[in-house]
Amino acid sequence: MDFPTLLRDVQRRPGAYGLDGSYREFVAFINGCNAIADRSPLDGFREWLAERLGLGANLVWWELVRRIHGSEHEASPADEDVARTMFALLYEFAAHREGRGHRPRPDAS
């Protein structure tokens, strides 16, 4: 199963993966998937998010997602809303990588 397909399934049915649907658990699951993947599906994601915010890439990706969500919404974010933003950004990033023929950095193994 490719990464975007897995993400869609996890978002739709978190309980099937042993998750409670919280942002924290989604982040842990995605980081775990990234850690065991042959080709890192998150390679460049943090930098892509930081560029979108106009910040340096010195924050972890899940904090950058929170900041992007906060910049687009005025109210204090609910966990499920941040998770929706995270998935939207992950889908957009996957399409971005696919569209430009992304090749992982040589040091990303």
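Okay, here's what the table says:
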item	result
Sole residue being crowded, with 16+ Cβ neighbours inside 10 Å and among the acidic types (Asp, Glu), chosen from Glu92, Glu25	Glu25
Pair list, Cβ < 7 Å and 6+ apart or interchain, from the range 80-92 residues that are among the charged types (D, E, K, R) to residues that are assigned to a helix (DSSP H, G or I)	Asp81/His69
Where a residue in the range 12-37 is closer than 20 Å to Ala94 by Cα and its partner, wherever it lies, is among the hydroxyl-bearing types (Ser, Thr, Tyr) and part of a helix (DSSP H, G or I), with Cβ under 9 Å and at least six apart	Phe29/Tyr17
3 or more residues of a type in the set (A, V, I, L, M), out of contact with any Ser or Thr (no Cβ under 8 Å at 6 or more places or on another chain) and modelled with pLDDT of 90 or more: qualifying helices (runs of 4 or more DSSP H) within the chain	3-12, 23-36, 79-99
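The values are calculated or read from the model by the stated rules, or taken from the named source; none is laboratory data. These numbers come from a predicted model, not from an experiment. When we count neighbours, we look across all protein chains shown, and the Cβ atoms used for this are built from the backbone with ideal geometry, even at glycine.
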